[in-house]
Amino acid sequence: MSLPREELLFLGGGRITSAIVEGLWRAKFKGAIAVYDRHLRKLKKLESEFGVSGARDLASAVGNASILVIAVRPKSVNGLLEGLARHCRPTGHRMTTGVRHGNPRTPLAISLAAGIPLSQLRLRLGPPICWARAMPSPACRSGRGLTALAFAPGFPRSARNRVRHLFGGLGMVAEIAENKFDVFTAAYSVSHGYHALAALSLAAVKLGLDQRTAEISAAHALADGILSWRGKRTKLSELLREAATPGGIAEAVLKSEEQAGYSRIVLRALRAGVSRAQSLRGR
């Protein structure tokens, strides 16, 4: 996929920025990438590994960007936007100092912060900037990511295409209603897969397999089964019936998991994640 020639400014140089930048680098992104962060160590690492520009002057960096990417923790969003607002003040339909002054493209801001709604973001940094939310997986580092997108009302179609195209270079993209974002955030994390891989392989080790063989068998159970589902687009219920033969070993395992409350535990865990996302709104 040929990625758009955007001028990206990441505000925050942490783990998700690193993952996205590496994914874009692997996808041969031809645009410009700048990163602004108070911690010079993070900037130097990104500069040396992927050739991004470490932005030292926020006003200059904002003025040169076509897309701002808010990549700080939720508790830091309000403070960041308050500091950013003075560089993005509109005068009529233009910016006095701000995103792509004089550029005919719509200035965009994309927030990666969990739990912070578009309505709150727009209050801090309003028109003419158009706001979107994105929830990319750290797996975008390898090009196998999944990103959810939600757009503020009135978001121009051409700008939507720019955002979709950008994240499409990192893997799958799903546009969902913003009121579903918290559930998506709780459910989509690759941590579920890593945790299941660790738990399954540990159980196999306790029952006699060596660590390497245990991890291979557990990885096959999770990753290869899911790849099969993706490739065939077969209903999950049908795949379960195919894999768990009546009276067989897999069926015995699944029954034992359900009797132990596996599905209830997963539901309770996701509820905890949604609750945590909702608690971030007031920060």
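Things worth noting here:
- Förster radius 51 Å - calculated FRET efficiency between T213 and A32 (Cβ-Cβ, nearest 0.05): 0.65
- Relative contact order of segment 191-279: 15 percent, from C-alpha pairs under 8 Å at least 6 residues apart in sequence.
- A Cα-only calculation for segment 191-279 places Rg and Dmax at 15.0, 46 Å.
- Residues whose placed amide H lies under 5 Å from that of E7, excluding near-sequence neighbours: A32, S66, I67
- R15 paired with K232, simple spin-label distance in nm, labels 7 Å along Cα-to-beta-carbon: 3.4
- Residues in segment 167-175 carry Karplus couplings, in order, of 6, x, x, 9, x, 6, 10, 10, 8 Hz; the curve used is 6.51 cos²θ - 1.76 cosθ + 1.60 with θ = phi - 60°, and Gly or Pro positions show x.
- Length gained when the stretch V205-S256 is fully extended (0.36 nm per residue, less Cα-Cα span): 16.5 nm
- With a simple spin-label model that places each label point 7 Å from the Cα along the Cα-to-Cβ direction, the separation between I265 and S48 comes to 4.2 nm.
- Per-residue Cβ neighbour rank within 10 angstrom, fewest leading, D37, D224: D224, D37
- Within segment 1-71, none of the GluC sites (Glu not before Pro) combine a DSSP coil assignment with at most 13 other C-beta atoms in a 10 angstrom radius.
- The mean sequence separation of alpha-carbon pairs under 8 Å and at least six residues apart, normalised by the residue count of the chain, gives a relative contact order of 16 percent.
- Most mobile listed residue (A260, A134, A113) in the chain, GNM with C-alpha springs under 10 Å: A260
- Net length gained if the chain between R56 and Q278 were fully extended (0.36 nm per residue, minus Cα distance): 76.6 nm
- Structural descriptor for segment 1-83: relative contact order 40 percent, calculated from alpha carbon pairs under 8 angstrom and at least 6 residues apart.
- Whole-Hz ³J(HN,Hα) from phi, Karplus 6.51 cos²θ - 1.76 cosθ + 1.60, for segment 224-231, glycine and proline x: 5, x, 5, 4, 5, 4, 5, x
- Among R26, R38, R212, residue whose mean-square fluctuation peaks in a GNM of the chain (springs only between Cα atoms under 10 Å): R212
- Rounded to the nearest whole Hz, the Karplus-based 3J(HN,Hα) values (6.51 cos²θ - 1.76 cosθ + 1.60, θ = phi - 60°) of segment 75-81 follow the sequence 5, 9, 5, 4, x, 4, 5, with x at glycine and proline.
- By the count of other C-beta atoms within 10 Å, a proxy for reagent exposure, S111, S275 are ordered fewest to most as S275, S111.
None of the figures in this text is laboratory data; all of them are computed from the coordinates on show. The structure displayed is predicted, hence computed values, not measured ones. For neighbour counting, all protein chains shown are included, and Cβ atoms are generated from backbone atoms with ideal geometry for every residue, glycine included.
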